[in-house]
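Below is one structure; the comments refer to it alone.
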Amino acid sequence: MAVYLDYNATTPVSTEVADLVYQMMVEEFGNAGSRTHEYGVKAKQALELARSQVANIAAADKTEVIFTSGATESNNIAILGLKKFAEQAGKKHIITSKIEHKAVLEPIEHLEQQGFEVTYLDATAQGQVDTEQLKAALREHTVLVSIMHINNETGAIQPIDEICELLSEHDAYLHVDAAQSFGKYPFDLDNSRIDFISVSGHKLYAPKGVGALIMRRRGFIKPPLKPIYYGGGQEKGLRPGTLATPLIAGLGLACELAKKNAQKWLIHVSKLKAEFISALDELGAEVNGQNTSPYTLNFSVPGVNSEAAMVKLKGIVAVSNGSACTSNSYISSHVLTAMGLDTDRIAGAIRVSFGINTQHIPYKDITTALRSLM
C-alpha cells in the first residue's frame, strides 16, 4: 500500500472521533430539535459542547458558531449571504485574490455576474497576496475582503494579521477560508478583526460532510448575513435542515484534540518536511512558495512532468499535483499561474502534504522514481 501523503485533500478520521461518531449514531441518536425527551436533550447538549470546542480554536464565543456541511458551504453563506445587505447599502465591491480556492472564487464570480465589482489581488512569486495592492484596492463601497489563511496547493501562509491591520479603519467584512489551517496551525485566527472563518471537518481528522462558519459580532451587532436557502429555523435561521449531530460532535472533539496537540503536530510535520526537502535536493528540485505551512510541500523537478510522476509514484506514495477538487482536470494550476511561475515548472508541480499519522516515508524509492523521468 502506498504511503498516504495527500492530507490537504482529506485526512483519516481519528480513532477517538470515529468512536464518538459511532456512539452518537447508534446509541445517542436523538434529534437536537426534539425538546420533549432525553434523546433530544442529549443531542442538544452534544451540539452545544461542539460549538464551544470549535469556538475555542479561534477565541470566539460559542454563540458565533453555526454548523454547516463543510468549508464550501461556509464560504457560500459568508459570501452570498451578504448580497442583500450589500445591495441595500450600495456597497457592491469585493476584494479577493487570484489564489483562492474555487469554493471562494466561484461564489464571488456568481455575484460578479449579478453586477458586483470584484478586484482580484495578484500573488507574489512566493505565493502571498500583495498587501500593498489590497490597500490600494480598498474603497468606501468595499463590502467584503475574502482571503484564505493557508493556500491548499502551496501551503503559503497569508499575512492575515497585516490584512487585519489594514482593515482596522475600514468597515468591510473580512472572510478567511481556514480549511487548511483551522486547529492545525494555531496562529492568526484569534484576531477579532476577522468577521467570518470557514472550517472544514475532513481536513482536521473529523468526518467528511461537516464544517462550521464562525461569525464574529462587532460589539453586540451580528453580521448582516441572510440565508442562501430555506426550509427551517435551525442554526440561527441561516442554515436550515436537521443537524448532523454525530458528525458535529466528531468535529467538536477533533477541535479539542487539535487544541491540545497542535504544537506537537507542528514539530512532527516540520521534521518530515525538512527531511523531504533534503531528499529532493539531489534532484535539483525547486520548492514552489515561501513562508509555507509545515504541513505542505509543493515542488517541481526540472524535466519531470507531474502527470508522468503520478503514474511512476503509484504504489509508492499517494500525492497530488494540485487541489483535490480539480485534480481530474488537466488545466494548469490557477494558483501557480498567479504566482508567475513558468509553464514547465507549473506542469511539473507536485504537492505533498503531511499528517499526524505520517511516519516512514520511502525517500529513496521516491527519488529513484523521479530520477528515471528526468
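Figures for the structure shown
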item: The stretch 1-53 - residue that is out of contact with any Gly (no Cβ under 8 Å at 6 or more places or on another chain) and assigned to a strand (DSSP E or B) and, of those, surrounded by the most Cβ atoms within 10 Å (Cβ to Cβ); result: ASP6
item: Of all residues making up the stretch 167-205, the number that are of a type in the set (Lys, Arg) and surrounded by fewer than 19 Cβ atoms within 10 Å (Cβ to Cβ); result: 1
item: Number of the condition not met by ALA103 [criteria: (1) in a helix (DSSP H, G or I); (2) over 28 Å from ASP342 (Cβ atoms)]; result: (2)
item: Every pair of residues 6+ apart whose Cβ atoms lie under 9 Å, when the first sits in the stretch 109-125 and is of a type in the set (D, E, K, R) while the second is part of a strand (DSSP E or B); result: GLU109/VAL118; GLU112/ILE94; GLU112/VAL118; GLU117/HIS93; GLU117/ILE94; ASP122/SER97; ASP122/VAL129
item: Residues satisfying the stated conditions in the stretch 206-242, i.e. surrounded by fewer than 23 Cβ atoms within 10 Å (Cβ to Cβ), aliphatic (A, V, I, L, M) and within 23 Å of the chain's Cα centre (by Cα); result: ILE228, LEU238
item: The stretch 62-90, subset without any contact (Cβ under 8 Å) to a residue 60 or more places away in the chain and of a type outside the set (S, T, N, Q), residue farthest from GLY237 (Cα to Cα); result: GLY90
item: Test: residue in the stretch 285-293 that is in a helix (DSSP H, G or I), within 29 Å of PRO186 (Cβ to Cβ) and either in the same structural domain as GLN126 (by TED's automatic domain parsing) or within 23 Å of the chain's Cα centre (by Cα) (or both); result: no
item: Subset of the stretch 83-99 (residues that are over 18 Å from LEU167 (Cα atoms) and in a loop (DSSP other than H, G, I, E, B)); result: GLY90, LYS98, ILE99
item: Check on SER168, over 23 Å from ASP6 (Cβ atoms) and hydroxyl-bearing (Ser, Thr, Tyr); result: yes
item: Strands (runs of 3 or more DSSP E) enclosed by the stretch 110-182 - at least 2 residues per element that are of a type in the set (Ser, Thr, Tyr) and either out of contact with any Gly (no Cβ under 6 Å at 6 or more places or on another chain) or outside the structural domain of GLU87 (by TED's automatic domain parsing) (or both); result: 117-121, 142-146
item: Of residues in the stretch 218-252 being farther than 30 Å from HIS170 by Cα and either β-branched (Val, Ile, Thr) or not assigned by TED's automatic domain parsing to the domain that holds ALA46 (or both), the one modelled with the lowest pLDDT; result: THR242
item: Residue satisfying condition, being closer than 15 Å to LEU225 by Cα, of a type in the set (A, V, I, L, M), out of contact with any helix residue (DSSP H, G or I) (no Cβ under 9 Å at 6 or more places or on another chain) and surrounded by fewer than 23 Cβ atoms within 10 Å (Cβ to Cβ), within set ALA89, ALA137, ALA125; result: ALA89
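The values are calculated or read from the model by the stated rules, or taken from the named source; none is laboratory data. Here the structure is a predicted model, which means the values were calculated and not measured. Don't worry about glycine lacking a Cβ; one is built from the backbone with ideal geometry, like all the others, and counts go over all protein chains shown.
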